[in-house]
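Please read the structure below before turning to the comments.
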Amino acid sequence: MSLIDPLEILYSNARATKSFAGDTDSFINGVKKCLVSVGWTLTESIPSTGFIVYPFGAPTAAGPETFPKHIVGCPATPFLGVGGVQFSLFNPYSETPAVGGSCFMVPAGDTPISTLSNLASAVTLNTPFNASVTAQSPSYFIMTFTAKIGGPDFDGVFIDGNGRWATLAATQGGGFVLTSKFDPEITQYKVTLTAIPSTYGNISVKFTVGGGDGLITLTDQGTYTIVANGYGFFLRNSLGEGNYPFTNYSLFVMAPKMPAAENFDPNTTSLFILGPRTFKNFTFYSSSGGPEITALDTVPGYHSNVSEWPKLLAYRNPGTPLTAANGKPIVHAAYISFGKLNSGVSHIIGKLPDCAVFSGTLTPYGETEIEGQIYVVVSSQDGGNSNTASSLLMLAPLPAPDPVPPAPDPIYPATQPQNRNGTCNIFGAGVTALSGNFTGLATQSPITIDGIPYFILSVEDATHLTLTTATVVKEGVVWTVP
Amino acid sequence: MGIAYSQRAIVTGQIRTATLGIFLSDVDIVMAQAGWQKIREIPNGAVYQCFTPDKKLSAKLQVAEGASSFGGTRVAFTPLSANEINRGFDYFIIYGNPDFPVYQVIVGVCQFFLSIPTLATSPYHFDQSSCFAFGIPFVNNLNNGVTDIWWANGDGGGPFFVSEHFRISPRCFMRFNYCLNGVMFSSVNNADPSQGMLTLFYLAPTWNLDTNIGQTAFTTKFKTGQPINLDALVGWQHVVQGQLWDAFQRTQAEPLDAIQSYKDTDSDGNPMDLKFQVWMSSFYDSLLLLQTTVSPGGGNVAY
C-alpha cells in the first residue's frame, strides 16, 4: 500500500440525471424514479390523507316510513364532495333517489354517527379514498380520508364539506420513502418525499439517519433537475436559489464513502446535507442563508459552532486559482470534514462518491467537462478574501430518455386518458362498449355513464370493464371519461 | 502520485560551527557524500553543483564566508542557476556561537536543508540566521518544457527580520527565491498570501486560514486520528511546479525533528521500510524528509 493517500475520485457504478416540473406530484415522482434507477430502494408508498370536521354532527332521519316516497335528486350544493365526486343525503323513510343523478345519494341514519358512517362507506366505495369516521363527542365528528394507493397522485384532492356542516380540506402527505443503496463503507439512510403545504414550499424532503430526522422544505415552482447516484443527489431549479425564507430551490445530500483502507472509519454514521441557499457560492458551508445538516454518529443536526461546519478540503492557495504546470486545474477527490453536533471539532469524515474538488472558479449549477466527462457544478467560490478558489463537482451523465413504454404510474388523475367517449351497455357492474375504446383507462379512475359518475374497478379489454359499484341494466347509453 | 524517490544517497549529518574552516570543511564533506560536484573554490568558500537523478536539470550553491552582523560571524549560502546568471539572496547562517555548536543537514542529490536541531526559529539575538533550504524539484511530465528550475528559502538574515521558510511553514514569506527557465524571482517584504509565494501545497479547508475562524486541529485529520499523507507538492505563482524529492507532507503538526518510521511500496509493489525526519511542523501541515537511501531498481512511484 502506498504511503501517500490516494486522492482519486471515488466513482459509483450508477448515476442518472433527470428534469421534471416543480409541482409536488412531478417532483416526488421524478425524484423517486431517478433514485430507483440508480439503486435506491422504494421502501414505502405513503398514501395521501385528509380530514374534515363535523362540529355540529350531521342530519339524521327517523321513521316511520311513509309512502309514496318523494323522489329526490342531487341538490346544487352536495353534502360532501371528494375530488369532484359528489355525495348527497336523503331520508330513506320518506325519499327515494332519482335515477341518473349526478351525485351519489346516501341514506341518512338514525344518528349523526350512522349518517356519517353511511357517507364514509359511500366514499370508500366510489372514490380512490378509504373514509372513516370517529366521534370526538356526541356532536363532534372527524371524517378521515386515506388514499387507497400510496404516492403523491392523490395529494391536493379537494374535500368539500359543504361549509354548513363541515370544514373544507385538501389531501396531502402522499409520497414515497426511499432507502439509499447499501455499501459497507457508506451510511445507509432514508429519504421521505411528501407534499405538505408550508409557507416555505409544499415539498417536504425528510432524511432519516442515526435514529433521527433532518428536514428540508423545497418550493414547488420552476423546473427541477436532479443528478443522483446510489448515495445522494443534487437538486437544482430553473429559478435559481430562491430568496430567504419563502422560496427554496436547491439541495445537495451525500453520504460519504469511508474506506477503511484509506484510514477512514467505516463504522461511522455520517450524512452531509446542504439546504437551499447555503452552498452555491461556497466550498465551506456556514449555514448562512439556510439550513445545512450533518449527521455524525448521532441524529441529524444544524451546526452553530463554526468548527463543526461542513468543509471541503483543497490545496491551500489563496487568491488566483491553482493549476498544474501545464495550466490545467487540479482535480481530486472531495474530502469532506465536519463535526459531531456540539463537539466543537471537525474530522475528515469521508470522500463524496462521484464528486470532485476542482481548483478553480466555475459557474455554480453549470456544467464542465473534464477529460471527456461531464460534471455539474454544485458549488464554487473564488479566491477573494484569501479564500482558496475551488468548486465542488458531481459527475453528471447525459439525461437518459424515459423508458419505453412509459412507466405505469402515476395513476389517476395524472395519466387518465382525456376526452374518451362512446356508447355502451350496462349489466350490473359490467360495461360493454358499443363504440369507443376502454384501453388505458386506469383503475379507480372516474367514468360517467348515462350522466351518472362511477369508478372503474378493472379494465378487461378494449370493450369491457367493471365498475366498482353495480348499477341497473341499460342499453345504448353514452359513456365519457373526463 | 507518490513520493518522488531520487534513489540516490541521502546524507544526514552535522555541520560544526566552531570556526569558519570547520564549518566549510563539514559542508564540503556532506556535499561530496550526497553527490554534489565541487565546481570551484573561491576565497573562504566553494561553489557546488547538483543535478537531478536524470541529469536533465541542474543548479548551483555557493557556500562562502559572509558579512558579520550583530548576531555574530556568518556563512552565506547563495543559490545560483547552472549558468550562474541568476543569483538568489545571500542566506546567512551564523557560526562560532558556542551555545549552538552544530547545525543539522539533510542533503540529497539535488536538495539541501540546514537548521539548528530542535529549533524552527532563530535563537540568535540581533540576527535571524539559522535556517536555509534549497533544491531542484522533481518535475513531472506535465512540465516537460522546463530547462532550469530551483527554489531557495531561509531566515531573514538581520535583526528582527523574521521570515517564514520550510523549517517553519509550508508557505514562505519575505526571504525566498525561485527560478524557472531563466527567470528568477526574489521575495519582497510586503507580499501577502494571495500573491503566490513559494509554497508547499497541502489540503486544508477553503476559507482564509490566515484568519482564525473555525480552526481546529482535527479538521484535517481522519476520525481515527490520523492525518492525510500528501505528496510534497511545491510551487509558486499559483502553479504546482513540481515536488520535493524524497519527502512528503502530513496534514497535522508532528513533533519537530522526530524520526518516524513508515512503510511504502515501490513501483514494482515491493515494500520499503523508511525513516523520515519531521523537518517542518505547523498547524495544518508537516514536512517530512527521507533519511533512508532508497536503492536504485525499485522504480520511482511519483506520477
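Extension gain, A:Thr60-A:Val36: 0.36 nm per intervening residue step, less the Cα-Cα distance, totals 3.6 nm. On the protein assembly as shown, 55 percent of the accessible area sits on carbon and sulfur atoms, based on a 1.4 Å probe. Surface exposure of the protein assembly as shown, expressed per residue as accessible area with a 1.4 Å probe, stands at 38 Å².
Straight Cα distances below 21 angstrom link B:Lys60 to the lysines B:Lys38, with same-chain residues fewer than 8 positions distant left out. In chain B, excluding the sites themselves, the longest stretch lacking any of the trypsin sites (Lys or Arg not before Pro) that are in a DSSP loop with at most 12 other Cβ atoms within 10 Å is B:57-303.
B:Asn190 label point, 7 Å along Cα→Cβ, cut-off 19 Å on backbone N: hits in the range B:140-184? Only B:161-164, B:173-176 pass the distance filter. Our note on the geometry: Cα centres of the range A:231-309 and the range B:208-267, 26 Å apart.
The convex hull around the C-alpha trace of the protein assembly as shown, projected and averaged over every direction, spans 40.5 square nanometres. Here each label is just a point 7 Å from Cα along the line to Cβ, and for B:Gln33 and B:Thr211 those points are 4.9 nm apart. Counted residue by residue at 0.36 nm each, then reduced by the alpha carbon distance between them, the extension gain from A:Thr480 to A:Ser435 reaches 15.1 nm.
Normalised by the number of residues in chain B, the average gap of Cα pairs under 8 Å and 6 or more apart makes the relative contact order 17 percent. Each peptide in B:120-127, B:133-140 receives the mean, over its residues, of other Cβ atoms within 10 Å, and ordering these scores from highest gives B:133-140, B:120-127. The C-alpha atoms of chain A define a longest principal axis, and helix A:24-37 lies at about 60 degrees to it. For the range A:1-23, accessible area lost to neighbouring protein chains reaches 10 Å² or more, against the chain alone with a 1.4 Å probe, at A:Met1, A:Ser2, A:Leu3, A:Ile4, A:Asp5, A:Leu7. Note on B:Val102/B:Phe283: beta-carbon distance plugged into 1/(1 + (r/R0)^6) with R0 of 25 Å gives a FRET efficiency of 0.30. Once you have a ≥ b ≥ c as the square roots of the Cα gyration tensor eigenvalues for chain B, tell me rounded if a/c is under 1.5, and otherwise prolate or oblate according to whether a/b is larger than b/c. Rounded shape, in that the Cα axes give a/c under 1.5.
With contacts taken as Cα pairs under 8 Å at a separation of at least 6 residues, chain A carries a relative contact order of 13 percent. Give me the residues in the range A:367-399 whose solvent-accessible area, probe 1.4 Å, is reduced by at least 40 Å² once all protein chains are included instead of the chain isolated. Buried on complex formation: A:Ser386. With contacts taken as Cα pairs under 8 Å at a separation of at least 6 residues, the range B:1-150 carries a relative contact order of 23 percent. Against the longest principal axis of chain A, how steep is helix A:112-126, in degrees 0 to 90 to the nearest 10, with axes from Cα atoms? Result, in degrees: 70. Between B:Phe161 and A:Ala21, the C-beta separation translates, for a Förster distance of 60 Å, into a calculated FRET efficiency of about 0.35.
When accessible surface is computed with a 1.4 Å probe, chains A and B are found to bury approximately 4000 Å² between them, both chains counted. With R₀ fixed at 30 Å, the C-beta to C-beta distance from A:Phe427 to A:Ala76 puts the FRET efficiency at about 0.40.
Can you bin the range A:431-482 into rounded, prolate or oblate? Criterion: square roots of the alpha carbon gyration tensor eigenvalues sorted a ≥ b ≥ c, rounded for a/c under 1.5, prolate for a/b above b/c, oblate for the rest. Judged from the Cα gyration tensor, the range A:431-482 comes out rounded (a/c under 1.5). Taking 7 Å steps out from each Cα toward its Cβ at A:Ser121 and A:Val53 produces label points 2.8 nm apart. Note on the range A:1-77: with charges restricted to the Cβ of Lys and Arg (+1) and Asp and Glu (-1), its dipole about the Cα centre is near 240 debye.
Each residue, B:Ala67 and A:Ser386, gets one label point 7 Å from its Cα in the Cβ direction; the gap between the two is 3.1 nm.
Rounded if a/c is under 1.5, else prolate if a/b beats b/c, else oblate: with a ≥ b ≥ c from the C-alpha gyration tensor eigenvalues square-rooted, which is the range B:107-149? Prolate is the answer for the range B:107-149, as a/c is 1.5 or above and a/b outweighs b/c. Within chain A, A:Cys34, A:Cys355, A:Cys424 have no other Cys Cβ under 4.7 Å of their Cβ and so lack a disulfide-compatible partner by this rule.
The values are calculated or read from the model by the stated rules, or taken from the named source; none is laboratory data. No experiment lies behind these values; they were computed from the predicted model shown. Quick reminder, even Gly has a Cβ in these numbers, built from the backbone with ideal geometry, and neighbours come from all protein chains shown. Just so you know, the surface numbers come from the protein's heavy atoms only, side chains and all, with ligands and any DNA or RNA stripped out. Shrake-Rupley method; radii C 1.70, N 1.55, O 1.52, S 1.80 Å.
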